[in-house]
Amino acid sequence: MSKLPRIASIALIVTAVAAGQALAHAHLKTSSPAEKASVISPGELDLTFTEELDLKFSGVKVTDPGKKDIKLGEAGLKDDGKVLTVPVPTTLAPGDYTVDWHVLSTDGHKTSGSYIFTVKP
Ligand SMILES: [Cu+2]
């Protein structure tokens, strides 16, 4: 019985974890309105990511309950480039809205996702 294979596999895991942290992509940490939140029509959307973003290749699309695109203002970055902020110039009617986001983090990796929030009557 040798302990070598076990030590080797532990070393492999440690290496994989370290590499994973070095290549961390931008993941959505929090948002305002939050996922599944019920809110009054928001004046803007704030999406907070784990990494700094490249604004040129980052964006948000919002669709209404009828799957129609909502007209949004020009996206910007704040808080060290980790928060993507998008003005919502119109008042949203009550219903469920889908936010589709795609971002490029400054490490050159793309991520995307979507979530829903509700505008209450
Ligand atoms: Cu990355």
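The values are calculated or read from the model by the stated rules, or taken from the named source; none is laboratory data. Computed from a predicted structure; not experimentally measured. Neighbour counts are summed over all protein chains in view; Cβ atoms, including those assigned to glycine, are modelled from backbone coordinates with ideal geometry. Ligands, DNA and RNA are excluded from the accessible area calculation, which covers all protein heavy atoms including side chains. Shrake-Rupley method; radii C 1.70, N 1.55, O 1.52, S 1.80 Å.
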In sequence order, calculated HN-Hα J values of region 79-85 (Karplus, 6.51, -1.76, 1.60; Hz; x Gly/Pro): 6, 6, x, 9, 10, 8, 10
Cα coordinate range in region 25-119, projected on the principal axes (Å, largest first): 38, 21, 21
Proximal aspartates and glutamates relative to Lys110, as straight alpha-carbon distance under 15 Å, when same-chain residues fewer than 8 apart are discounted: Glu51, Glu52, Asp54, Asp100
Local electrostatic count at Gly43 - Lys and Arg +1, Asp and Glu -1, tallied over other residues with Cβ under 15 Å: -1
Amide proton proximity set for Glu51, modelled H, under 5 Å, gap of 5+: His27
Gained length - His109 relative to Ser41, 0.36 nm times residue gap less alpha-carbon distance: 21.3 nm
Set of lysines with alpha-carbon distance to Lys68 below 23 Å, sequence-local pairs under 8 removed: Lys36, Lys120
Probe 1.4 Å, accessible area per residue of region 25-119, Å²: 55 Å²
